[in-house]
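Every read-out reported here was derived from the displayed coordinates using simple, explicitly stated rules and does not represent laboratory data. If you're wondering where the values come from, they're calculated on a predicted model, not measured in any experiment. Because the Cβ atoms are built from the backbone with ideal geometry, glycine has one as well, and the counts that use them run over all protein chains shown.
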Amino acid sequence: AGHTAEALNACWIDIWYDLVQRSHWSTDLAAVLSEEFSFGQPPSPEPDMSWWVKGPIKELLRNAGSKRDGLLLRLATLLGTPIDHALSSKLYCSRQDLAQLVADGIEVGGHGWKHRSLATINDDEQQKEISESRNLLDTIKAPEPRSFCYPNGSCNDGVETQVATGGFSTAFTVEPGFIEPGCNPYRLPRFMVHNRPADDPEWCAAFHQSTKELL
Ligand SMILES: [Zn+2]
């Protein structure tokens, strides 16, 4: 994706995570969120980290579209933690790093260009997201066949077609599950592992449910 170190801006979701980190889960952040964004009292990050990384604020930002930069800027100002413009180079691999991964035999796939939710944008914008992603893979000499991963899992039939004609042989959703014979290759399920302990209840529940369905 456009998640490379030379990107002018880090992806919005990474800016949000960075703001959360740098505000140190402060009570200020909780107050700002409940007052400015009407979220009520946010839960403590421990043990409910998922509210912070996947919950309503991520949803709000995900749906904010063109208003997103303004919202992030406002949050940053209210929190007194300016958006770090060097974030891209701190968080992401450079093209050279990615090319080295490919040379070392690691598969690198497509993930869009600006991490836009593909089902929510028009055909031309989808095409741009997918072709820029393919161009990046070309520059790092990623071999074919190539796989794609829908940002935020956002896809529909039109997006599927664009990805299929845009140079990708398979694509992953964010639905948990095993890949079985007969799966649509452009709607492959997967398990998100995250940085979780092996006995994380949410992860175990998703895994066991999928195993049951398979048996
Ligand atoms: Zn992503």
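Explain nothing, just compute: Karplus ³J(HN,Hα) = 6.51 cos²θ - 1.76 cosθ + 1.60, θ = phi - 60°, for every residue of the stretch 174-190 in order, whole Hz, x for Gly and Pro.
10, 6, x, x, 8, 8, 10, x, x, 4, 4, x, 9, 9, 6, x, 6
Take the alpha carbon atoms of the stretch 88-107, find their center, do the same for the stretch 164-195, and report the distance between the two centers in whole angstrom.
Rounded to whole Å, the Cα centres lie 22 Å apart.
Rounded to the nearest 500 deg cm²/dmol, what is the calculated helix-only ellipticity per residue at 222 nm for the chain, with -39500 (n - 2.57) per DSSP H run of length n ≥ 4? Don't jump to the answer; show the numbers that get you there.
On the way: 10 runs with 101 residues, N = 215.
Only helices count here, giving -14000 deg cm²/dmol.
Among rounded, prolate and oblate, which fits the stretch 29-118 when a ≥ b ≥ c are the square roots of the eigenvalues of its C-alpha gyration tensor, a/c under 1.5 means rounded, and a/b larger than b/c means prolate? Write down the numbers at each step before the final one.
Numbers: a/c = 2.16, a/b = 1.99, b/c = 1.09.
Prolate, because a/c is 1.5 or more and a/b exceeds b/c.
Which order do the peptides 199-205, 50-56 come out in when sorted by mean C-beta neighbours inside 10 angstrom, highest first?
Working: 199-205: 11.9, 50-56: 15.0.
Going by the mean number of other Cβ atoms within 10 Å, highest first, we get 50-56, 199-205.
Give me the distance in nm between label points sitting 7 Å out from Cα along the Cα-to-Cβ direction at GLU144 and ASP200, one decimal.
Taking the two extended label points, one gets 3.5 nm.
Quick one: helix 12-22 against the long Cα principal axis of the chain, what's the angle to the nearest 10°, folded into 0 to 90?
Once rounded, one gets 40 degrees.
Subtracting the Cα-Cα distance from 0.36 nm times the residue separation, let me have the gained length for VAL193 to GLN209 in nm, one decimal.
Details: separation 16, 0.36 × 16 = 5.76 nm, distance 1.55 nm.
Net length gain for the segment: 4.2 nm.
If amide H atoms are built 1.01 Å from N in the plane of the peptide, which residues on other chains or at least 5 residues away come under 5 Å of the amide H of ALA171?
Amide H neighbours of ALA171: PHE148, TYR186, ARG187, LEU188.
Considering only TYR92, TYR150, TYR186, give the residue with the highest GNM mean-square fluctuation for the chain, with springs between Cα atoms whenever their separation is below 10 Å.
Per the Cα network of the chain with a 10 Å cutoff, TYR92 tops the list.
With a bin width of 5 angstrom, please list the P(r) values of the chain as percents of all Cα-Cα pairs, from the 0 bin to the one holding the largest distance.
1, 6, 12, 16, 17, 18, 15, 10, 5, 1, 0
Does the stretch 67-168 come out rounded, prolate or oblate by the C-alpha gyration tensor, with a ≥ b ≥ c the root eigenvalues, rounded set by a/c under 1.5 and, if not, prolate when a/b is larger than b/c and oblate if not?
Details: a/c = 2.97, a/b = 1.28, b/c = 2.31.
In terms of gyration-tensor shape, oblate.
Can you work out ³J(HN,Hα) from phi for every residue in the stretch 66-74, in order, using Karplus 6.51 cos²θ - 1.76 cosθ + 1.60 and θ = phi - 60°, giving whole Hz and x for Gly and Pro?
The phi angles translate into 5, 7, 4, 4, x, 5, 5, 4, 5 Hz.
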